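Taking it in order: structure first as structure tokens, then the write-up.
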Amino acid sequence: VRETGSVPAPDPGATTALTRRACVERVLRRAPPPRVVYAPNYWQWFTHQRNHGLLPDDIRDCASQLELIRHLGLDVFSRNIYCDPTQCWSGGLAAETWDGVEVEVTRRTEERDIFTERIFHTRRGTLTERVRFVFAHSTLVQEQFLLDESNPNLDAFEELVNARRWKFDPAAYAHWQRTVGDDGLVNAGELISPLKLLHVAAGADHAVYLLEDHPERCREWMARHEEAQLDLVRQMLAVGVPAMISMDNLDAAFHPPAYLERYSASFYERASRLCHEAGAVFFIHACGRQRPILPLIAALGVDGLEGVAYPSLGDIELDEAMRLAGDRLIITGGISALETERFRTGDEVRRYTEDLFRRLAPYRHRFMLSASCNTSIGTPWAVIRWFRDAWREFGG
């Protein structure tokens, strides 16, 4: 029976009077939920299966990731329900505005790959960035950075940073939260930290050279970026956004403790404080190695880390991460490509899920089962159903 994905145990989301949204909100308040919250990220997986005509018959009529989540009877705590996967990894509820910078945006399709190029004309030079949606893998890659490694125009980039602000779209947010309804919450993924600013502009590796070669200029850029992003935080809080996330790919390899303290700690601490004053929560997207930075992140008042990776993708087990992170940091994760691509039977999924839930039982009030970053496009549909069934069996 388990091999077919049909487990007779009741849906834990249906065994309580609480809505799915209320269960998510309980975790955000660190209150024990009546069952494990399961808020998956099927964004890339669903996009790939749909674009390549691979959707199984029982979900062929699903038109979006949200409909797939509802088909499975799971929860929503998502920062990409509303994103266009062909041109951005996150964002879509806030528009960039420019003072004195002209921006050209072009999109073209070549052999089903979609190229999006943005050219910024500043008073001190022109900068170009280009991303490519790779159809074969349903993913985005950055083909050109704003700061070219061989000859970066630092003056033009300074103009760009000084000129850029963000304007939040309350109507778009309200539309998506109404669409999600009682199934959960939209986690507004509109922010990036000061250090991530340099990663996006130059690549994580070249950003290190910029920080070492031009420390004062980098500090000025990051300080201006921090203020602009905090203005966006205030805009979101003013219209009642209860959850937001900084899309930083927090990994000790590129966000080591010394860099975090020097460049991003102020932003994380101030954003968290603003959120707490408004009754909201502040998350950071995390993947990779977390052990060296967990205590610092927790000390800054951050509410949660999304998609924490564990060995061998990361360097710490989730239950140990819970202990190391103090008594308030919320962690989402627990399922990675290591499991979804290698498990071949429902019993393997059952054993894994039962053990995971057993180890995390003391932390259910600070845990959401989710993807550690994303759901691999190579994940068989049966495995997705087996995880849903194991959650039903052991998550109550």
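Using helices alone, what [θ] at 222 nm do you get for the chain, with -39,500 (n - 2.57) per DSSP H run of 4 or more residues, divided over all residues and rounded to the nearest 500?
Theoretical 222 nm ellipticity from helices: -11500 deg cm²/dmol.
Could you compute Rg(Cα) / (2.2 N^0.38 Å) for the range 79-237, with N its residue count?
Output field value: 1.10.
Would you mind telling me the share, in percent, of accessible area of the chain contributed by carbon and sulfur at probe 1.4 angstrom?
48
Between the range 280-342 and the range 174-241, what is the separation of their alpha carbon centroids in Å?
Distance between centres, Cα-based: 19 Å.
If amide hydrogens are placed 1.01 Å from N in the peptide plane, which non-local residues have theirs closer than 5 Å to the one on GLY288?
ALA309
Report Rg(Cα)/(2.2 N^0.38 Å) for the range 110-186, keeping two decimals.
Against the compact-globule rule of thumb, the ratio is 1.54.
Mind checking which of ALA271, LEU127, LEU356 is farthest towards the positive end of the chain's charge dipole, using Cβ charges of +1 (Lys, Arg) and -1 (Asp, Glu) about the Cα centre?
The Cα lying farthest towards the positive end belongs to LEU356.
Taking the convex hull of the Cα atoms, report for the chain its projected area averaged over all directions, in nm².
For the chain, the mean projected area of the Cα convex hull comes to 18.7 nm².
Report Rg/Rh for the range 203-358, rounded to two decimals, where Rg is the Cα radius of gyration and Rh the Kirkwood radius.
We get a ratio of 1.03 for the range 203-358.
In the range 258-298, how does Rg compare with the Kirkwood Rh, expressed as the Rg/Rh ratio over alpha carbon atoms?
That ratio is 0.99, to two decimals.
The values are calculated or read from the model by the stated rules, or taken from the named source; none is laboratory data. Every value quoted in this text rests on a predicted model; they were computed, and no experiment measured them. Every residue, glycine among them, receives a Cβ derived from its backbone with ideal geometry; neighbour counts consider all protein chains shown. For the accessible areas, the whole protein counts, side chains as well, though only heavy atoms, and no ligand, DNA or RNA atoms are used. Shrake-Rupley method; radii C 1.70, N 1.55, O 1.52, S 1.80 Å.
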